[in-house]
Amino acid sequence: MGIIDEIKRSRAEMLTDDKKEFILKYLKHSLKYRDYAIIDGAEHYKRFGTDGWVTRDEPERNYMQCRAPYMCHAAIAEWLHSLGFKTCRYYNKGGIDNGLKVYI
């Protein structure tokens, strides 16, 4: 096995089936209303103590949030590319990296 395959395999192991399921549910919900969805999370979030997973689903408010640790974003992007989604980094109006932008 080549080094690239080994890296991809170790990245894929970071994503559990329940996280993948929630991400797909979140994308289905978000992309129904907008052209893109944001998987929140950035390297600088660690300063605020929010570097873990945040999965919030509030159907009564029609609200969902998905935040993934920055170190998982490469694995998420590769997995979503394999499903046919497109991704890029998301920068806020101030030019600060704020997550992963997902679109069709």
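Tabulated results
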item	result
Selection count where residues are modelled with pLDDT of 90 or more and either out of contact with any Cys (no Cβ under 9 Å at 6 or more places or on another chain) or of a type outside the set (S, T, N, Q) (or both), scope the range 20-46	18
Residue in the range 71-82 that is assigned to a loop (DSSP other than H, G, I, E, B) and of a type in the set (A, V, I, L, M) present	no
Evaluation of Arg89 against (1) at pLDDT below 90; (2) of a type in the set (Lys, Arg); (3) in contact with a helix residue (DSSP H, G or I) (Cβ under 9 Å, 6 or more places away or on another chain) (one fails), failing number	(1)
Gly49 vs. criteria small (Gly, Ala, Ser), at pLDDT below 85 and surrounded by 11 or more Cβ atoms within 10 Å (Cβ to Cβ)	no
Pick from the range 94-104, criterion more than 17 Å from Asp35 (Cβ to Cβ) and not in a strand (DSSP E or B), ranking: farthest from the chain's Cα centre (by Cα)	Gly94
Some residue of the range 70-84 being at pLDDT below 90 and more than 15 Å from the chain's Cα centre (by Cα)	no
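The values are calculated or read from the model by the stated rules, or taken from the named source; none is laboratory data. Here the structure is a predicted model, which means the values were calculated and not measured. Heads up, the Cβs are rebuilt from the backbone with ideal geometry, glycines too, and the neighbour counts pull from every protein chain shown.
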